[in-house]
1. Is one or more of the residues making up segment 64-77 among the charged types (D, E, K, R), assigned to a loop (DSSP other than H, G, I, E, B) and at positive phi?
2. When segment 103-125 is examined, which residues are found to be closer than 30 Å to D155 by Cβ and among the hydroxyl-bearing types (S, T, Y)?
3. Within segment 87-97, is even one residue more than 16 Å from the ligand (Cβ to nearest atom) and assigned to a loop (DSSP other than H, G, I, E, B)?
4. Is there a residue being outside any helix (DSSP H, G or I) and within 16 Å of the ligand (Cβ to nearest atom) anywhere in segment 112-132?
5. Restrict the check to segment 36-53 and report whether at least one residue is assigned to a loop (DSSP other than H, G, I, E, B) and within 13 Å of the chain's Cα centre (by Cα).
6. Can you pull out the residues in segment 58-86 that are under 18 Å from K137 (Cβ atoms), within 11 Å of the chain's Cα centre (by Cα) and either among the aliphatic types (A, V, I, L, M) or away from the ligand (no atom under 16 Å from the Cβ) (or both)?
7. Is there a residue in segment 52-67 that is hydroxyl-bearing (S, T, Y), without any contact (Cβ under 8 Å) to a residue 60 or more places away in the chain, within 23 Å of A149 (Cβ to Cβ) and in contact with a strand residue (DSSP E or B) (Cβ under 6 Å, 6 or more places away or on another chain)?
8. Answer yes if at least one residue in segment 101-110 is under 22 Å from G32 (Cα atoms), within 14 Å of the ligand (Cβ to nearest atom) and at pLDDT 95 or above, and no otherwise.
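The values are calculated or read from the model by the stated rules, or taken from the named source; none is laboratory data. Quick caveat, the model's predicted, so the values are computed rather than measured. Positions of Cβ are generated from backbone atoms using ideal geometry, with glycine treated the same way; all protein chains shown enter the neighbour counts.
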Amino acid sequence: MFRWVPSFLQRVFVSWESLERKAVVGRLRRAGHEIHPSVSFGRRVHIDVHEGGRIQIGAGVQILQDSWLIVECKDEMDIGENVFISQHCTVSGSVRIGKDTLIAGFVSIIDAHHTFKSTDIPIREQGGVKRPICIGKDVWIGTMSVVLAGVTIGDGAVIGANTTVTHDIPPRAIAVGCPARIVGWRGGT
Ligand SMILES: CC(C)(COP(=O)(O)OP(=O)(O)OC[C@H]1O[C@@H](n2cnc3c(N)ncnc32)[C@H](O)[C@@H]1OP(=O)(O)O)[C@@H](O)C(=O)NCCC(=O)NCCS
C-alpha cells in the first residue's frame, strides 16, 4: 500500500541515515580500514565487515542505494579509485575491483559457493568453498549479471546485461550470456 510521507519527515529520515552512514564509516576507519573521505554512499548501503576481514575503498568511489558489501573473516576487499557500484548490488568476500570500473544495478559478485557432494547431509551443513574474484580496471558489468567465485575479469572487459560469468574473461573482451561467451573485443581484435 502506498503511504504518503510528509516532506519534513523525509528530511528527518535522510539526515538520520546520513548520520548513521558517517558513524559506520567512522567505526570502520577506527578499526583500521581504509575508506577514502571522498567515497559516497547512497541510502541503505550496508557494509558488513567481520572481525579479521579487511576492506579498502579508494578515492571517488560511489556506491548507490541498497547495495551490500560483505567482508567475512580473512576476506580482503579492495575497491579501486572511481569505481561506481549502482543500486541493489551485492559484493561479498575477497573481491578486488580495479579503478574506473562500472557495475550496473542488481549485480551479484560473491566469492563463495556451497559444497554439495554428499547426499546424506543437507547442503547447508556441508560447508563451502571460497575463491577470490578479481575484476580489472575500466571494466563495465551490465545489469543483473552474476560473477561466480574464482573468476578473473581482465582490464577493459565489457560484460553484457544478465550475464553469468563462470570462467575468466580476457582483457577487452565483450562477453554476454549464461554462461558468458565472447562476442567481440573493445577496440577491435
Ligand atoms: C553487451 C552490450 C554492451 C552490447 O555490446 P555490442 O558489442 O554492441 O554487442 P551487439 O549488440 O553487437 O551484440 C552482439 C551479439 O551479442 C548478443 N547480445 C548483446 N547483448 C547481450 C546480452 N546482454 N545478453 C545476451 N546476448 C547479448 C546480441 O544479440 C548479438 O548476438 P547475434 O550476433 O547473435 O545477434 C549490451 O548488449 C549490453 O548488454 N549492455 C549492458 C546494458 C546495461 O546493463 N545497462 C545498465 C546501465 S549501466
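1. Looking for residues that are among the charged types (D, E, K, R), assigned to a loop (DSSP other than H, G, I, E, B) and at positive phi, one finds at least one in segment 64-77, hence yes.
2. The answer is S108, and nothing else.
3. Yes.
4. Among the residues of segment 112-132, not one is outside any helix (DSSP H, G or I) and within 16 Å of the ligand (Cβ to nearest atom), which makes the answer no.
5. yes
6. Scanning segment 58-86 gives I63, M77, D78, I79, V83, I85.
7. Yes, there is a match, as at least one residue in segment 52-67 is hydroxyl-bearing (S, T, Y), without any contact (Cβ under 8 Å) to a residue 60 or more places away in the chain, within 23 Å of A149 (Cβ to Cβ) and in contact with a strand residue (DSSP E or B) (Cβ under 6 Å, 6 or more places away or on another chain).
8. Looking for residues that are under 22 Å from G32 (Cα atoms), within 14 Å of the ligand (Cβ to nearest atom) and at pLDDT 95 or above, one finds none in segment 101-110, hence no.
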